[in-house]
Amino acid sequence: MDRIKIVSALIICMFAALALGLFNHIVLRGRAYRALSKKNSIRLISQAGSRGNILGRSGEIIAGSRLSYDVLLLPQDAGLETPALKELAAVLGIDFQILQRYYVNGYIAPSIPVVIAKNIDVKKAIAVAELKSEFLSILVRATPLRHYPYGKLAAHVLGYVNEIDRWRLTKLEDYGYKTKDIVGFGGVEEKYDYYLRQEEGGLSVEVDHRGKLVRTLGFRQPVNGKDLQLTLDLQLQKITEEKLYGRKGAVIIMHPGSGEILAMASSPDFNPALFVNKDSAAIREIIEDTDSVLTNRAISSAYPPGSIFKVIVAAAALELKKINLSRAFVCAGKVFIGRQEFRCWSIHGRQNLVKAIAHSCNIFFYGTGLLLGGQPIHDYALKFGLSRNTAFELPYEEPGFIPSPLWKRLNRFGRWYPGDTANMSIGQGEILATPLQMSRMIAVFANQGFLVNPYIVKSVAGNELNVNHKKAQSLSLNKDTISYIRRGLRDAVLDPNGTANILSTLKVNVAGKTGTAQAPPGAAHAWFVGFFPFNQPRYVICVFLERGAGGSAAAAVAKQIIDGMQSGGLV
């Protein structure tokens, strides 16, 4: 009897436990399970929108979209895929066995279409679409792909697009980015990806517990990305890239008053379409190239500026009243500072400030630099925007570097010697600057004393969002300081012995400064910075040639570019 009671009690307990479990699943957790069931029964067959266009200053599309047609097969009924694949093989001109292998390898679930052919032409896409009357499982999907109507033009400014990598996904996952998303790498494609990227839409369908399509629930329209308009003048960009072709370096042309970048070229360049077309061999060649093809040398590489830095030393000396226009130094080709010999590239004789700028006389600037000292030169270099980013819109901008006596004491544990000041006064030693920084520096003398903030993005989404640009900052330079340095820059062109005399034959009046920056163990870097027309400047130009051997080479490229501008009616 006791045994029967024990068994009965156990049975009652078991049924009670089952009842409690059912109550928990049906009543307490029923809502959660219903939501989960609903999610499992609904699938989204995605349809991508178009990435936003990137436009030139006159509205030309530099980076747009083209439609790529893909063929998909919806695996619904077992056995019916074979006739469909045979028909597709005939229309596409692809072997049936190959399509069948694509289908088998791409199969995931009955409700998920399998891509069996990508990027077919529009005629074949129409022929495939006609098969839908016989085979409902055949789908043709139009996918927008990045398209570059001007080929490689402005590649470093644009950047390129590719599948998101793990590093970016880790940073951007919280902002809605997911695996296999197409995102920007470098240039405005990366910096403004949030605006340019599209939102997916597509068909919402219901499937049964086996994943088989039951019915179509609706369609959500994909949303295109926002358009981005740049300040680039495409005619000027073409001229600039043509004249730089075959050389390593960078060219920037900027409006001296506003800071608008009218042209920005970096060489060697690349074709961003390679990343769209998934040309693995060409992409690997670019990435492994020792010339750093993907690097934008205009902003992402810093170099010793050489003699173009002398205008900052001149401005500091005039402002601090260490020299005036009558102060002169005699150039005999060399001078001793302590026990060390410092040389000039020529023998110039008696030089005042204007002549020293025109002739790029090292002896004058050694003497002027020693009158100033290292710290004031450092401070004025910072005042002209060096050793910090310009807050330019493109990513990976280098800040450059300007040394100082304090820096040397703290980081090199050594004294700052007169020889350090002498080197610094001609733009050598530890000084590093980017072509964009030096464009900004020379613009001060074109616009009568204002440090502009360079920019390249004119607007985003038209009137929806206007990009705010900071106003130029007055450096509060004395009018005589600007006038004297401008005279020296103009004489560098006009004087038969001026370092930029090659530009004197141009119809437009140009002022500027060449620079030859020693960078052992290789050849020297070549610089030219200037502006034109002289009396009412509309353009600032900076030409940098990596291992270009001498400033005259950079001035020659500048002449070719300005010649091209004259022929094109731009100046």
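Within the option set 307, 292, 301, being outside the structural domain of residue 448 (by TED's automatic domain parsing) and under 27 Å from residue 403 (Cα atoms) holds for one residue only, 292. Cβ-Cβ contacts under 9 Å between residues 6 or more apart (or on different chains), taken from a first residue in the stretch 33-62 that is at positive phi to a second residue that is modelled with pLDDT of 65 or more, are listed as 59/229. All of 357, 363 fail the test of being within 20 Å of residue 443 (Cβ to Cβ) and among the aliphatic types (A, V, I, L, M), apart from 357.
In the list 234, 274, which residue meets the criterion of being hydrophobic (A, V, I, L, M, F, W, C), in contact with a Ser or Thr (Cβ under 8 Å, 6 or more places away or on another chain) and crowded, with 17+ Cβ neighbours inside 10 Å? I'd like the intermediate steps shown before the answer.
Values: 274 fails: in contact with a Ser or Thr (Cβ under 8 Å, 6 or more places away or on another chain).
Of the residues listed, the single one that is hydrophobic (A, V, I, L, M, F, W, C), in contact with a Ser or Thr (Cβ under 8 Å, 6 or more places away or on another chain) and crowded, with 17+ Cβ neighbours inside 10 Å is 234.
For the stretch 148-177, the set of residues classified as within 14 Å of residue 48 (Cβ to Cβ) and in contact (Cβ under 8 Å) with a residue 60 or more places away in the chain consists of 161 only.
Confirm whether residue 324 is modelled with pLDDT of 95 or more and farther than 21 Å from residue 439 by Cα.
Numbers: modelled with pLDDT of 95 or more: yes; farther than 21 Å from residue 439 by Cα: yes.
Yes, satisfied.
On the stretch given as the stretch 343-376, residues that are closer than 20 Å to residue 514 by Cα and touching a residue at least 60 places away in the same chain (Cβ under 8 Å) total 12.
Within the group 189, 130, which residue is outside any strand (DSSP E or B) and modelled with pLDDT of 90 or more? Working first, answer last.
Values: 130 fails: modelled with pLDDT of 90 or more.
Among 189, 130, only 189 is outside any strand (DSSP E or B) and modelled with pLDDT of 90 or more.
Restricted to the stretch 432-534, the set of strands (runs of 3 or more DSSP E) holding at least 2 residues that are within 13 Å of residue 256 (Cβ to Cβ) and within 26 Å of the chain's Cα centre (by Cα) comprises 525-532.
On the given criteria, is residue 376 in contact with a Gly (Cβ under 9 Å, 6 or more places away or on another chain) and not basic (Lys, Arg)? The answer is no for residue 376.
If you take the residues of the stretch 497-516 that are of a type in the set (A, V, I, L, M) and buried (at least 24 other Cβ atoms within 10 Å of the Cβ), which of them is nearest to residue 342 (Cα to Cα)?
Taking the stretch 497-516 as the starting set, the residues that turn out to be of a type in the set (A, V, I, L, M) are 500, 502-503, 506, 508, 510-511.
Right, trim to buried (at least 24 other Cβ atoms within 10 Å of the Cβ) and you get 500, 503, 510-511.
Details: 500: 23, 503: 29, 510: 31, 511: 28 Å.
Here the answer is 500.
Inspection of the stretch 254-264 identifies no residue that is over 14 Å from residue 156 (Cα atoms), without any contact (Cβ under 8 Å) to a residue 60 or more places away in the chain, assigned to a loop (DSSP other than H, G, I, E, B) and out of contact with any Gly (no Cβ under 8 Å at 6 or more places or on another chain).
Within the stretch 531-571, can you find the residues that are of a type in the set (Val, Ile, Thr), modelled with pLDDT of 95 or more and either in contact with a Lys or Arg (Cβ under 8 Å, 6 or more places away or on another chain) or farther than 19 Å from residue 232 by Cα (or both)? Before you say what the answer is, go through the steps one by one.
Residues of the stretch 531-571 of a type in the set (Val, Ile, Thr): 540-541, 543, 557, 561-562, 571.
In the following step, the residues that additionally are modelled with pLDDT of 95 or more were identified as 540-541, 543, 557, 561-562.
Within the stretch 531-571, 557, 561 meet the criteria.
Yes/no matrix, rows are residues, columns are (1) surrounded by 15 or more Cβ atoms within 10 Å (Cβ to Cβ); (2) assigned to a strand (DSSP E or B); (3) at pLDDT 80 or above:
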position: 168; (1), (2), (3): yes, no, yes
position: 174; (1), (2), (3): no, no, yes
position: 202; (1), (2), (3): yes, yes, no
position: 217; (1), (2), (3): no, yes, no
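A count restricted to the stretch 74-103 and to residues that are modelled with pLDDT of 85 or more and of a type in the set (A, V, I, L, M) stands at 9.
What about residue 281, is it assigned to a helix (DSSP H, G or I) and farther than 29 Å from residue 487 by Cα? Criteria met by residue 281. What pairs come up if the first residue lies in the stretch 270-289 and is free of Cβ contacts under 8 Å to residues at least 60 places away in the same chain and assigned by TED's automatic domain parsing to the domain that holds residue 151, the second is loosely packed, with under 14 Cβ neighbours inside 10 Å and not in a helix (DSSP H, G or I), and their beta carbons are under 9 Å apart, counting only those six or more places apart or on different chains? Note: no pairs meet the criteria.
Residue-by-condition table, conditions (1) among the aliphatic types (A, V, I, L, M); (2) closer than 26 Å to residue 483 by Cβ; (3) touching an Asp or Glu at 6+ places or on another chain (Cβ under 9 Å):
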position	(1), (2), (3)
332	yes, no, no
335	yes, no, yes
342	no, no, no
347	yes, no, no
351	no, yes, no
359	no, yes, yes
369	no, yes, no
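Each residue in the stretch 39-61 was checked for being under 22 Å from residue 181 (Cα atoms) and either at pLDDT 75 or above or basic (Lys, Arg) (or both), and 7 pass. Of 141, 101, all but one fail to be farther than 30 Å from residue 196 by Cα and either exposed (fewer than 15 other Cβ atoms within 10 Å of the Cβ) or assigned by TED's automatic domain parsing to the domain that holds residue 183 (or both); the exception is 101.
The values are calculated or read from the model by the stated rules, or taken from the named source; none is laboratory data. Everything quoted here is computed from the prediction, not taken from an experiment. Glycine also receives a Cβ, built like all others from the backbone with ideal geometry; neighbour counts cover every protein chain displayed.
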